[in-house]
Structure formats: structure tokens, C-alpha cells
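> One structure is given below, represented as C-alpha cells, and several questions about it will come after.
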Amino acid sequence: MTDEAPKQGHPKDIQGLFLFYWLPVLIFAAVIFFQSAGPSPLQIDLFDWFDKLVHFVVYAVFGILIYRAVGTTFPEKPQKWILLSSILLGSFYGATDELHQLFVSARNGDFFDFLADTAGVAAGVWLYRRLTASSSPEKPAGTP
């Protein structure tokens, strides 16, 4: 054990970890929450299930942000743990968002929106992992 302080920007630097990895997750979650707290701004119906595509894409981005944060915060964990934790965290937030909408006038919680959210998170995690995978399968993607 050393007394050496973590270098600035290093994943073990708590301030850097929060600013660069968790703050984007929290900001994105807040944007989703506040967008869900009012009437739906989406009035475009290009095709059936267009709103599910929007949910999928938004939560795919959310999944990427969560995966980066979890993988950097817990680099010692197995890759499967990081993947599953990221998907479960994003899916749980999607469920709470749909539950929240049950209490918002002019909104309704929708199970199929939740499924699109969860599929989006899983796709975002998979895509980010695929694009950033190193030659070592046990090293979390996006970690130094």
C-alpha cells in the first residue's frame, strides 16, 4: 500500500471520476426526468412505434454513459459484472421513469416504452463495448 495520491484524471481520483464519468450520467438522467415531467413534446408520428425508436435511441446513449461510468469505477470487476450492472441500472431507471409518468397529467407509463428503454440500454452497452474492446477480454472497455 502506498501513500501516493492518485493523479488528476486517473480513475481513482474521486473528483475526476465523478466529473468525467458520473456527472454525464446524472445530467442525462435529469434531462430524461424533466422531459418526462411535462406533456410529451413528441408529436411526430413518422411510422407506427416511432416513439419506441426514440426511447430506444435515448436509452442507448444512456447505456453508453452508464457503462463508461461503471467500467471506470469498478475496473477490477469481471466484464460480465460490468455489462450486467450497467444494463440493470439503466433498465431500473427506465422502469422508474415509466412509473413517474403514471403520476404526470397528460402522460402515461407504458410497459412497451420500458421494453424499448431496456433494449436501448442493452444495445448502447453492447455497441460501446464492441467499439472500445481491447485485446484483453477481462479489461473493462474505456478504462486506462
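> Can you name the residue in the range 78-114 that is surrounded by 15 or more Cβ atoms within 10 Å (Cβ to Cβ) and in contact (Cβ under 8 Å) with a residue 60 or more places away in the chain and, of all such residues, is nearest to PHE50 (Cα to Cα)?
ASP113
> Which one is modelled with the highest pLDDT, of the residues in the range 26-50 that are among the hydrophobic types (A, V, I, L, M, F, W, C) and assigned to a loop (DSSP other than H, G, I, E, B)?
ALA37
> Any idea which residue in the range 57-114 is farthest from THR132 (Cα to Cα), counting only those that are assigned to a helix (DSSP H, G or I) and among the acidic types (Asp, Glu)?
Among residues in the range 57-114 that are assigned to a helix (DSSP H, G or I) and among the acidic types (Asp, Glu), the one farthest from THR132 (Cα to Cα) is GLU98.
> Identify, from the list LEU53, LEU23, the residue that is over 22 Å from GLY71 (Cβ atoms), surrounded by 13 or more Cβ atoms within 10 Å (Cβ to Cβ) and modelled with pLDDT of 85 or more.
LEU53
The values are calculated or read from the model by the stated rules, or taken from the named source; none is laboratory data. All values reported here derive from a predicted model rather than from experimental measurement. Because the Cβ atoms are built from the backbone with ideal geometry, glycine has one as well, and the counts that use them run over all protein chains shown.
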